[in-house]
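Comments concern the structure below.
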Amino acid sequence: MNIVAQPLTTPLARPAPPAPYGMLAELTHRCPLQCPYCSNPVELDRRNVELDLDTWKRVFSEAAKLGVLQVHLSGGEPTARRDLEDMIRHCVEVGIYTNLITAGVGVTPERLQSISDAGIDHVQLSFQGATAEITDKVSNFRGAHERKLAVAREVRRLGLPLTINSVVHRANIHQIPAFIELALELDAKRIEIAHSQYYGWALRNRGALMPTREQVFWALDVVEEARARLKGKLTIDAVVPDYYAKYPKPCMNGWGRQSLNVTPSGKVLPCHAAETIPNLDFWNVREHSLSDVWLNSPAFNAFRGTDWMPDLCKSCERKELDWGGCRCQAMAIAGDAAATDPACHKSPLHAHMLALAEADAATGEAEYDYRRYMTPDRNN
Amino acid sequence: MTETLATTGIPRLARGVRLRNDEARGQWVLLAPERVLNPDPVAVEILKKVDGVRSIDTIVDELASAFTVDRARVATDVDAFLAGLVEKGMIEVTNPVIGDAAS
């Protein structure tokens with residue numbers, strides 16, 4: 001036995017976390033679409049609390065200094081910010097790679113030209129369906145699909161690389177082959193097939209979104225086959241469904257390990273759903289530098305590394321592969337953010353989680369509780 | 001081994017692909033959509049010369065003289081490396097048209 005006495009006055013030194021590679025900048029929560037699985041929180045930020053341009057510029061400069069290489073300009077709909085081009089120009093100036101994540105509704109060819117001229121590196125465009133009928137129904141916006149097609153063509157005409165993002169769930173999972181065909185037709189080099197992740201809005205709508213086990217396994221086969229067939233032509237990245245999984249997803253590749261997320265009002269989160277965990281102390285860029293938040297904020301240190309893990313995870317050979325899975329899911333299903341992710345087959349709640357999915361998939365519920373501001377707006 | 005790319009071709013990084021010095025980590029990185037690649041030191045030396053102006057021949061000449069290595073060996077390495085990135089869509093090679101200079 002080897003016991004080393006530690007002085008009580010100085011805390012054990014925590015090794016400095018590695019620098020983050022990516023930052024999700026949620027510039028606004030305003031969006032013309034109302035997707036029922038939106039990754040924004042249920043309590044959406046309004047325009048009057050959004051960070052101004054100068055603050056965003058400071059945040060991007062601090063991000064570059066901290067080691068962030070890529071910024072994902074997202075929302076809501078990021079083009080709702082009229083100063084988006086100024087932000088892109090600033091990122092280019094400080095050497096950050098910029099990725100625009102857009103719904104492509106209300107984006108004119110002139111606006112795209114201006115975004116391209118500002119120096120955007122890559123555009124990711126969402127499609128809620130592979131056909132107009134499904135896109136318009138899921139986004140609750142008539143004519144959305146046609147507008148997206150026009151934006152995709154314009155993006156390629158400008159010579160910008162294009163990624164198609166499709167969130168899949170019960171109403172469109174059968175369209176995965178059609179999504180892939182659509183990506184090829186639109187000359188995208190990359191497609192994300194992202195199974196809906198059940199936090200916030202999606203958790204509210206889980207009954208209407210959850211696919212059956214058979215659908216999920218069919219989808220995995222379809223993606224695997226398409227990947228092999230289209231190698232070198234189209235990159236297919238998949239976000240896996242985990243309610244039917246054996247192992248949990250390595251959420252964010254570990255809490256506070258590679259990336260961070262800044263909300264429209266300036267809160268810095270380890271992931272976009274982190275606010276579903278109560279009592280975590282999130283710092284704001286209005287009061288702290290990004291580096292200070294990354295290194296010292298209680299929320300980022302809460303589940304960093306492996307020290308926080310329950311014995312079940314700590315003793316697992318996959319602890320630095322899965323990083324304990326997803327903290328927000330542990331919160332949502334186990335009611336404890338520090339529990340083993342119930343998606344893991346070792347979790348005592350694994351069978352319970354599977355039963356929830358099977359029950360939801362069997363409901364036949366088809367009505368969505370669409371994403372929207374919860375209270376009437378008095379300011380804008 | 002035969003080269004797969006025309007050595008008179010002029011390679012350039014595709015739009016959406018950038019090479020930069022990552023000072024925070026003391027390394028060079030190649031940035032692409034949702035990707036961060038860590039090229040090895042040899043790859044970095046090649047990529048630094050991919051500027052949309054130099055031809056593959058020029059790049060090979062410069063590397064062979066800078067590192068005093070056999071030119072044929074450099075040509076094979078450069079071709080294999082660039083061809084791999086062309087296949088990934090990260091590098092485009094334009095071939096100068098004969099008589100282009102006069103137009």
Task: Karplus-derived HN-Hα couplings along segment A:304-319 (A = 6.51, B = -1.76, C = 1.60, θ = phi - 60°), whole Hz, x at Gly and Pro - done: 7, x, 10, 4, 6, 5, x, 3, 4, 7, 4, 8, 8, 5, 9, 4
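Per Stokes-Einstein, at 25 °C and 0.890 mPa s, what whole-number D in µm² s⁻¹ belongs to the protein assembly as shown, with the Kirkwood radius over Cα pairs as the hydrodynamic radius? Don't skip to the answer; put the middle values down first.
On the way: Rh = 24.4 Å.
In µm²/s, the coefficient is 101.
Per residue of B:16-23, how many C-beta atoms from partner chains lie within 10 Å of its own C-beta, taken as a mean? Numbers along the way, then the final one.
On the way: counts 13, 4, 7, 0, 4, 1, 5, 4.
Average per residue, whole number: 5.
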Task: Rounded Å value of the spacing that divides the Cα centres of segment A:108-139 and segment A:148-177 - done: 8
TODO: Put one equal scatterer on each alpha carbon of segment A:277-349, apply the Debye formula with no solvent term, and list log10 I(q)/I(0) at q = 0.11, 0.18, 0.27 1/Å to two decimals.
DONE: -0.31, -0.72, -1.19
- [ ] Could you check the simple spin-label distance between B:ARG15 and A:ARG111, using points 7 Å along Cα→Cβ, in nm with one decimal?
- [x] 1.9
- [ ] Measure off, as a whole percent, the carbon and sulfur share of the 1.4 Å-probe accessible area of chain A, all protein chains present.
- [x] 53
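Can you bin chain B into rounded, prolate or oblate? Criterion: square roots of the alpha carbon gyration tensor eigenvalues sorted a ≥ b ≥ c, rounded for a/c under 1.5, prolate for a/b above b/c, oblate for the rest. Mind showing how you got there, number by number?
Values: a/c = 1.82, a/b = 1.29, b/c = 1.42.
Verdict is oblate for chain B.
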- [ ] Heads up, I need the accessible area for B:THR8: 1.4 angstrom probe, whole protein in place, Å², nearest 10.
- [x] 80
Open item on the list: Give me log10 I(q)/I(0) at q = 0.12, 0.17, 0.18, 0.20 Å⁻¹ for segment A:110-229, Debye formula, one equal scatterer per alpha-carbon, no solvent.
Closed with: -0.47, -0.89, -0.98, -1.13
TODO: Determine the shielding of peptide A:183-196 by partner chains: average, over its residues, the number of Cβ atoms on other chains within 10 angstrom of each Cβ.
DONE: 1
- [ ] Please list the radius of gyration and Dmax for segment A:309-361, considering alpha-carbon atoms only, with Å as the unit.
- [x] 10.9, 34
Task: Model label zone, B:GLU87; criterion: amide N under 20 Å from point 7 Å along Cα-to-beta-carbon; scope segment A:166-195 - done: A:189-191
Task: Solvent-accessible surface (1.4 angstrom probe) belonging to B:ASP51, in square angstrom, nearest 10 - done: 70
Task: Listed residue pairs exceeding 21 Å between alpha carbons, taken from A:LYS319/A:LYS346; A:LYS249/A:LYS319; A:LYS249/A:LYS314; A:LYS65/A:LYS189; A:LYS57/A:LYS267; A:LYS137/A:LYS267 - done: A:LYS65/A:LYS189; A:LYS137/A:LYS267
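Counting only other residues whose beta carbon sits under 9 Å from that of A:LEU33, what net charge do I get with K and R as +1, D and E as -1? Please report the intermediate quantities before stating the final value.
Numbers: positive: A:ARG371; negative: A:GLU77.
In short, 0.
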Task: In Å², nearest 10: area of B:LYS49 left accessible to a 1.4 Å probe - done: 40
Task: Label point distance in nm, A:ALA150-B:THR68, each placed 7 Å from Cα along Cα→Cβ - done: 6.4
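At 18 angstrom or more along the helix axis (alpha-carbon based) and mean Kyte-Doolittle of -0.5 or higher, what helices does chain B contain? Whole DSSP H runs only.
Passing helices, by number: B:71-87.
The values are calculated or read from the model by the stated rules, or taken from the named source; none is laboratory data. Not measured: the values here are computed from a predicted model. Virtual Cβ from ideal backbone geometry, glycine too; neighbours counted across all protein chains shown. With ligands, DNA and RNA removed, areas are computed over all heavy atoms of the protein, side chains included. Shrake-Rupley method; radii C 1.70, N 1.55, O 1.52, S 1.80 Å.
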